Amino acid sequence: MSKAALRIGLDFDNTIIRYDDVFVAAAIERGLVPHGFSGGKQAVRDAIRLLPDGELDWQRLQGHVYGKAIGGAVAFNGLDNFLRRARAAGATVLVISHKTEFGHFDPDRVNLRTAALTWMEAQGFFAPDGFALGRTDIHFATTRTEKLARIRALRCDVFVDDLEEVLTDPEFPEGVTRILLSEHAEQDGHPYRVCRSWHAIEQAVFG
């Protein structure tokens with residue numbers, strides 16, 4: 001892949017930021033899963049959805065984790081090296097996230113976009129001696145359609161997401177190299193590249 005002036009788009013939730021431990025802790029605290037529960041976000045979701053009001057409980061939990069509890073989340077391993085490599089290569093990194101302003105059924109009414117920016121600030125995303133991303137390069141979309149339109153309008157050369165349904169959406173802009181971040185997906189038969197880690201993404205983008 002040509003590295004000249006690359007414009008690299010990244011999803012935010014579960015691509016840049018990892019919530020697995022936060023979901024488990026919050027679900028245990030709320031009595032939605034038993035103490036000693038093991039697994040990540042998907043395992044928590046699957047377990048909660050089996051409860052009588054599981055879908056509602058899951059949406060409430062998401063609003064809490066993505067808002068008030070976001071401080072306990074961490075960046076994915078290897079993301080730091082990728083962002084430094086992008087900066088050294090003169091690439092522009094754009095964060096394009098499908099994120100509503102407020103979580104569904106969140107009684108605290110925490111602004112999820114502000115929470116995300118605060119987390120990025122604390123992680124050094126905007127610091128000149130950190131990853132030096134521009135605040136104007138962070139984009140939040142209310143719908144998936146709006147997100148895909150942003151990817152097109154911002155002229156991304158590459159886009160990384162954790163959701164297959166985003167990368168296979170008929171509205172996904174043509175000509176953009178699509179990369180799925182998934183620890184479990186297999187490469188065979190997909191119209192996008194599957195990478196199981198940020199190290200693999202770094203190799204795919206920069207060689």
Self-check item: 20 Å reach of a label modelled at Arg85, 7 Å along Cα-to-Cβ, counting backbone N of segment 11-37
Solution: 11-12, 14-18
Self-check item: aspartates and glutamates whose Cα lies under 16 Å from that of Lys147, excluding same-chain neighbours fewer than 8 positions away
Solution: Asp11, Asp13, Glu101, Asp137, Asp157, Asp161, Asp162, Glu164, Glu165, Asp169, Glu171, Glu174
Quiz item: What number in nm² do you get for segment 20-71 if you take the convex hull of its Cα atoms and divide its surface by four?
Solution: 3.1
Quiz item: Roughly how many nanometres apart are two label points built 7 Å out from the Cα toward the Cβ at His184 and Glu55?
Solution: 2.1
Practice problem: Please list the non-local residues whose amide H lies under 5 Å from the amide H of Thr177, H modeled 1.01 Å from N, same-chain partners needing a gap of 5 or more. | Solution: Val158, Phe159
Quiz item: Convex hull over the Cα atoms of segment 12-103, averaged projected area in nm²?
Solution: 6.7
Quiz item: If you place +1 on the Cβ of every Lys and Arg and -1 on the Cβ of every Asp and Glu, how big does the dipole about the Cα centre of segment 20-71 come out, in debye to the nearest 20?
Solution: 100
Quiz item: Where does the charge balance sit around Cys195 when Lys and Arg score +1, Asp and Glu -1, over other residues with C-beta under 10 Å from its C-beta?
Solution: 0
Quiz item: Projected onto the charge dipole of the chain (+1 at Lys/Arg Cβ, -1 at Asp/Glu Cβ, origin at the Cα centre), which of Gly36, Ala89, Thr143 gives the Cα projection farthest towards the positive end?
Solution: Ala89
Practice problem: Return the Cα extents of the chain along principal axes one, two and three, sorted largest first, each rounded to a whole Å. | Solution: 51, 40, 31
Self-check item: Long-range HN-HN contacts of Val194 with modeled amide H, under 5 Å
Solution: Leu180
Exercise. Looking at the chain, send over the antiparallel percent of its DSSP beta bridges, to the nearest 5.
Key: 15
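Each reported figure results from applying straightforward, stated rules to the coordinates on display, with no laboratory input. Computed from a prediction, not measured in an experiment: that's the story for all the values here. A quick note on method: Cβ atoms are made from the backbone with ideal geometry, for glycine too, and the neighbour counts reach across all protein chains shown.
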